[in-house]
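Derivation of every value follows stated rules applied to the coordinates shown; laboratory data play no part. Keep in mind that this is a model prediction, so the values were computed, not measured. Cβ coordinates were reconstructed from backbone atoms using ideal geometry, including for glycine residues, and neighbour counts include every protein chain displayed.
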Amino acid sequence: MIEDKRLLTEAEAQQIAEKFLLAKYHESRITFTDCQLLDKDAVQTYQLRGKITMRSRGALDRFVTHKSVNQYGFKLEIDANQGWIINYEII
């Protein structure tokens, strides 16, 4: 637990988000499109949005399907003080 009132930087929030998403979706590519610092019920959070491109599951899928089939959007919220993932959603 972080005791001081220092907020995460945008780069630190993106690193936390990327590490979290890659732990769940191995060998994916992550691109951030938006990062906002918000005040929500007296808690400051970063809201990050972007795209995640997941690796095809089968060898044949790589030749048959278009690359955009495995591309999804995501929304992720991180506590700006503690660095905890509050919520995430794959769209």
For segment 40-53, 3J(HN,Hα) per residue [Karplus equation, 6.51 cos²θ - 1.76 cosθ + 1.60, θ = phi - 60°, Hz, x = Gly/Pro]:
9, 6, 6, 10, 8, 10, 9, 10, 10, 10, x, 10, 10, 10
Label residue 10 and residue 54 with points 7 Å out from Cα along Cα→Cβ: what is the distance between them in nm?
2.9 nm
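If packing is taken as the average count of other Cβ atoms within 10 Å, what order do 14-21, 40-47 fall into, highest mean first? Show your work: numbers first, answer last.
Numbers: 14-21: 17.0, 40-47: 14.0.
Result, highest mean first: 14-21, 40-47.
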